[in-house]
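The structure appears below as C-alpha coordinates.
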Amino acid sequence: MTPIQIVANAYPNMVTKDVRKHLARCGISSKHAMQAIGTLSGGEKVKLQLLKLMLRKPKLLLLDEPTNDLDIQTLQWLEDFLKNLHIPVLFISHDEILLSRCATVILHLEQLNKKNQCRHTIFHGNYEEYVKQRCSRLKKEAQEASAQRREYRRKKREAE
(Lines give C-alpha, C1' and ligand atoms only; values in the text may rest on other atoms or scores of the structure.)
Protein backbone atom coordinates (compact mmCIF):
# COMPACT_ATOMS: atom_id res chain seq x y z
CA MET A 1 0.00 0.00 0.00
CA THR A 2 1.08 3.58 -0.61
CA PRO A 3 0.70 6.47 1.86
CA ILE A 4 -2.16 7.79 -0.27
CA GLN A 5 -3.95 4.43 -0.07
CA ILE A 6 -3.37 4.17 3.69
CA VAL A 7 -4.77 7.65 4.37
CA ALA A 8 -7.56 7.33 1.79
CA ASN A 9 -8.63 3.98 3.27
CA ALA A 10 -8.62 5.40 6.80
CA TYR A 11 -10.46 8.55 5.70
CA PRO A 12 -12.62 7.59 2.68
CA ASN A 13 -14.40 10.96 2.65
CA MET A 14 -11.16 12.72 1.77
CA VAL A 15 -10.49 13.06 -1.92
CA THR A 16 -7.03 12.24 -3.24
CA LYS A 17 -6.23 15.95 -3.68
CA ASP A 18 -6.83 16.55 0.05
CA VAL A 19 -4.77 13.51 0.95
CA ARG A 20 -1.89 14.83 -1.18
CA LYS A 21 -2.19 18.23 0.50
CA HIS A 22 -1.94 16.67 3.97
CA LEU A 23 0.95 14.46 2.90
CA ALA A 24 2.77 17.52 1.54
CA ARG A 25 2.22 19.33 4.83
CA CYS A 26 3.93 16.40 6.51
CA GLY A 27 6.82 16.57 4.07
CA ILE A 28 5.90 13.48 2.07
CA SER A 29 6.36 14.39 -1.59
CA SER A 30 4.16 13.24 -4.46
CA LYS A 31 6.95 10.88 -5.50
CA HIS A 32 6.98 9.26 -2.06
CA ALA A 33 3.18 9.26 -1.86
CA MET A 34 3.04 6.67 -4.63
CA GLN A 35 5.68 4.36 -3.09
CA ALA A 36 4.84 1.25 -1.11
CA ILE A 37 5.00 1.87 2.65
CA GLY A 38 7.76 -0.72 3.03
CA THR A 39 10.05 1.34 0.78
CA LEU A 40 9.69 4.57 2.78
CA SER A 41 12.42 5.70 5.15
CA GLY A 42 11.90 5.54 8.89
CA GLY A 43 11.36 9.30 9.00
CA GLU A 44 8.75 9.17 6.24
CA LYS A 45 6.93 6.40 8.11
CA VAL A 46 6.94 8.53 11.28
CA LYS A 47 5.50 11.46 9.33
CA LEU A 48 2.80 9.21 7.90
CA GLN A 49 1.88 7.93 11.35
CA LEU A 50 1.66 11.50 12.70
CA LEU A 51 -0.48 12.49 9.73
CA LYS A 52 -2.87 9.62 10.43
CA LEU A 53 -3.07 10.69 14.07
CA MET A 54 -3.65 14.35 13.24
CA LEU A 55 -6.43 13.53 10.76
CA ARG A 56 -8.34 12.08 13.71
CA LYS A 57 -8.24 15.58 15.28
CA PRO A 58 -6.95 14.49 18.70
CA LYS A 59 -7.31 16.69 21.77
CA LEU A 60 -3.95 15.47 23.12
CA LEU A 61 -0.93 13.91 21.44
CA LEU A 62 1.20 11.37 23.36
CA LEU A 63 4.63 10.50 21.96
CA ASP A 64 7.20 8.07 23.36
CA GLU A 65 10.79 8.87 22.33
CA PRO A 66 9.64 10.54 19.09
CA THR A 67 13.17 11.29 17.85
CA ASN A 68 14.45 7.71 17.90
CA ASP A 69 15.88 6.61 14.54
CA LEU A 70 15.12 9.88 12.73
CA ASP A 71 17.47 11.64 10.32
CA ILE A 72 18.40 15.31 10.83
CA GLN A 73 15.87 16.57 8.28
CA THR A 74 13.03 14.66 9.93
CA LEU A 75 14.17 15.80 13.40
CA GLN A 76 13.95 19.43 12.26
CA TRP A 77 10.56 18.77 10.70
CA LEU A 78 9.33 17.12 13.92
CA GLU A 79 10.44 20.10 16.02
CA ASP A 80 8.55 22.50 13.75
CA PHE A 81 5.55 20.18 13.72
CA LEU A 82 5.43 20.03 17.53
CA LYS A 83 5.95 23.78 17.98
CA ASN A 84 3.09 24.58 15.61
CA LEU A 85 0.51 22.20 17.05
CA HIS A 86 -2.47 23.81 18.74
CA ILE A 87 -3.11 20.89 21.08
CA PRO A 88 -1.20 19.72 24.15
CA VAL A 89 1.65 17.30 23.44
CA LEU A 90 3.07 15.01 26.09
CA PHE A 91 6.30 13.42 25.00
CA ILE A 92 8.77 11.19 26.77
CA SER A 93 12.28 11.86 25.59
CA HIS A 94 15.94 11.66 26.48
CA ASP A 95 16.70 13.97 23.55
CA GLU A 96 17.89 17.14 25.26
CA ILE A 97 17.81 19.12 22.01
CA LEU A 98 14.13 18.27 21.48
CA LEU A 99 13.42 19.06 25.13
CA SER A 100 15.17 22.42 24.94
CA ARG A 101 13.48 23.42 21.69
CA CYS A 102 9.94 22.13 22.27
CA ALA A 103 9.16 21.52 25.95
CA THR A 104 7.42 24.23 27.95
CA VAL A 105 6.64 22.13 31.04
CA ILE A 106 8.97 19.45 32.41
CA LEU A 107 7.71 16.47 34.41
CA HIS A 108 10.75 14.67 35.82
CA LEU A 109 10.22 11.28 37.47
CA GLU A 110 13.11 9.75 39.38
CA GLN A 111 13.84 6.93 41.79
CA LEU A 112 15.72 7.61 45.01
CA ASN A 113 17.36 5.65 47.82
CA LYS A 114 18.24 2.50 45.89
CA LYS A 115 14.94 2.73 44.01
CA ASN A 116 12.88 2.48 47.20
CA GLN A 117 11.43 5.98 46.90
CA CYS A 118 10.14 8.05 44.02
CA ARG A 119 10.12 11.79 43.46
CA HIS A 120 8.49 13.85 40.80
CA THR A 121 9.14 17.43 39.82
CA ILE A 122 6.90 19.62 37.69
CA PHE A 123 8.64 22.66 36.27
CA HIS A 124 6.89 25.33 34.21
CA GLY A 125 9.53 26.72 31.91
CA ASN A 126 12.07 25.61 29.36
CA TYR A 127 14.50 22.73 29.72
CA GLU A 128 17.62 24.87 30.24
CA GLU A 129 15.98 26.66 33.17
CA TYR A 130 14.95 23.32 34.64
CA VAL A 131 18.49 21.92 34.38
CA LYS A 132 19.91 25.02 36.11
CA GLN A 133 17.33 24.77 38.89
CA ARG A 134 17.93 21.04 39.29
CA CYS A 135 21.72 21.46 39.48
CA SER A 136 21.30 24.20 42.06
CA ARG A 137 18.93 22.04 44.13
CA LEU A 138 21.24 19.01 43.97
CA LYS A 139 24.22 21.13 45.02
CA LYS A 140 22.24 22.50 47.96
CA GLU A 141 21.11 18.98 48.95
CA ALA A 142 24.74 17.76 48.81
CA GLN A 143 25.87 20.67 51.00
CA GLU A 144 23.11 19.94 53.53
CA ALA A 145 24.01 16.23 53.59
CA SER A 146 27.66 17.11 54.11
CA ALA A 147 26.77 19.46 56.97
CA GLN A 148 24.61 16.76 58.57
CA ARG A 149 27.46 14.21 58.32
CA ARG A 150 29.88 16.70 59.93
CA GLU A 151 27.40 17.40 62.72
CA TYR A 152 26.84 13.67 63.25
CA ARG A 153 30.60 13.03 63.48
CA ARG A 154 31.04 15.98 65.88
CA LYS A 155 28.30 14.70 68.19
CA LYS A 156 29.74 11.19 68.04
CA ARG A 157 33.18 12.49 69.08
CA GLU A 158 31.68 14.47 71.97
CA ALA A 159 29.80 11.37 73.17
CA GLU A 160 33.00 9.31 73.33
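The values are calculated or read from the model by the stated rules, or taken from the named source; none is laboratory data. Here the structure is a predicted model, which is why all the values come from computation and not from measurement. Glycine also receives a Cβ, built like all others from the backbone with ideal geometry; neighbour counts cover every protein chain displayed. Accessible surface is based on the protein model in full, side chains and every heavy atom, while ligands, DNA and RNA are left aside. Shrake-Rupley method; radii C 1.70, N 1.55, O 1.52, S 1.80 Å.
For the reader, a short list of remarks on this structure follows.
- Normalised alpha carbon radius of gyration of the stretch 25-160 [divisor 2.2 N^0.38 Å]: 1.58
- Across the stretch 106-160, the fraction of Cα-Cα pairs farther apart than 17 Å, rounded to a whole number, is 56%.
- Taking the charge dipole of the stretch 97-160 about its Cα centre, with +1 at Lys and Arg Cβ atoms and -1 at Asp and Glu Cβ atoms, the residue from 106, 145, 120 reaching farthest to the positive side is 145.
- The calculated FRET efficiency for residue 147 paired with residue 86, based on their beta-carbon distance and R0 = 45 Å, is about 0.40.
- Over the stretch 42-160, accessible surface divided per residue gives 75 Å², non-protein components excluded, 1.4 Å probe.
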